[in-house]
Amino acid sequence: MAASPHTVSSRLLTGWVGGCVWYLERRAIQESPHKFLHLVRNVNKQWITFQHFSFLRRMYVTQLNRSHNQQVKPKPEPVASPFLEKTSSGQAKAEIYEMRPLSPPSLSLSRKPNEKELIELEPASEIEDSINVGKETKEEKQWKEMKLQVDELPGILARLSKIKLTALVVSTTSAGFALAPGPFDLPCFLLTSIGTGLASCAANSINQFFEVPFDSNMNRTKNRPLVRGQISPLLAVSFATCCAVPGVAILTWGVNPLTGALGLFNIFLYTCCYTPLKRISIANTWVGAVVGAIPPVMGWTAATGSLDAGAFLLGGILYSWQFPHFNALSWGLREDYSRGGYCMMSVTHPGLCRRVALRHCLALLALSVAAPVLDITTWTFPVIALPINAYISYLGFRFYVDADRRSSRRLFFCSLWHLPLLLLLMLTCKQRRGGGDPGPPPS
């Protein structure tokens, strides 16, 4: 049998010393398993055993191996960034030149600094190119005063005065003048057309002057002259003044004071009431309809010098026509008006927008019947105007029911030819009144 360790040690040492050593060795061997199995007892009465030591040993070995792997793994070479500053590239060059004496004086190794220099010089050139491009973009974005060419001025002023809308205003004024009873006075007709056109140009120019910050947010109006900076605001206001003053003067002293007062009132209503109301209330649509209804009344008063039933009938026709025309137009531009911050029926009250358009389409039927009643046209007019009035009423009904872009577009394009055709039919069916001096009384 093999001798135990404590018997071996007791054989080497005899006497009292050997007995003490034997006692200590035996006690250590007997208690060692308990000390290794149950070393420390915590508050929760859980024991730390050999399993905990094995776990800690594995963690230690794992961390040690990771540190060895990280030390052995070569670091990747830094990639030169094109966005480094010139100072960093200069410091890198200085470090390369300082490390040059450490390399052996061989031909192959002596070329490496040159390659590194090329690598460092390339980002520097890229930085310079990017800086130059940045300067160019800043110069492009920088505000530049646009030079006004004299040959471009007529076209710019025509767009400033909304020449197409002005032409429509003059045509309705001419229709009112032609439908008025009495002989046709050509000089008075020309003065009325010129004065009304100038007043319309002034009102439209002032309207664009006030709406520059809001027109820039809309796709439909972002190319207007004042928005693009093609002319200065001072020039726009000067042009409006040069149109308003002679326009009102021609209407007042060249035609009659009543027509001049209506022209001045219309400029005020359009610029000081309709324009600010567009951002406040949907009532701007009704105010704008009144603005559009005044020009034919001006034509009537220019020919007769008075306001009577015929003038109000023509104004009523223009008033009702504008609702299907503008409501259908604004329906397709709801996003644009909302982006510009305008308070329109099509944006805030879409149901009311469609109902109002349908009501005034039907009102055109009633106004056409009222024309022969007021002795302005013959009874032929409501009969021959019935198809076009019924058609626009049908499109207004489709717009009310469908409420889509297709129906609004059809109604808008119908309104473009409906008004001139309706006024032409009224002129064709105008009531002819007997003129001339009465004959001598019978004897």
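The values are calculated or read from the model by the stated rules, or taken from the named source; none is laboratory data. Just so you know, these numbers come straight off a predicted model, no measurement behind them. Please note: Cβ atoms are built from the backbone with ideal geometry, for glycine as well, and neighbour counts cover all protein chains shown.
Looking only at residues in the range 202-229 that are surrounded by fewer than 17 Cβ atoms within 10 Å (Cβ to Cβ) and of a type in the set (Gly, Ala, Ser), which one is modelled with the lowest pLDDT?
The selected residue is Ser216.
Wholly within the range 156-221, which helices (runs of 4 or more DSSP H) include no fewer than the required count, namely at least 3 residues that are closer than 14 Å to Thr304 by Cα and not assigned by the TED database to the domain that holds Asp375?
Helices (runs of 4 or more DSSP H) meeting the threshold: 163-179, 186-210.
I'd like to verify a number: residues in the range 248-260 that are outside any loop (DSSP other than H, G, I, E, B) and either under 24 Å from Val150 (Cβ atoms) or out of contact with any helix residue (DSSP H, G or I) (no Cβ under 6 Å at 6 or more places or on another chain) (or both), how many?
Summing the residues that are outside any loop (DSSP other than H, G, I, E, B) and either under 24 Å from Val150 (Cβ atoms) or out of contact with any helix residue (DSSP H, G or I) (no Cβ under 6 Å at 6 or more places or on another chain) (or both) in the range 248-260 gives 3.
Out of Cys353, Cys361, Cys343, report the one residue that is more than 22 Å from Phe312 (Cβ to Cβ) and part of a helix (DSSP H, G or I).
Residue meeting the stated conditions: Cys353.
Is it the case, given these coordinates, that Arg339 is within 36 Å of the chain's Cα centre (by Cα) and touching a residue at least 60 places away in the same chain (Cβ under 8 Å)?
yes
Report yes if some residue within the range 238-261 is closer than 21 Å to Arg159 by Cβ and of a type in the set (Ser, Thr, Tyr); otherwise report no.
Yes: one or more hits.
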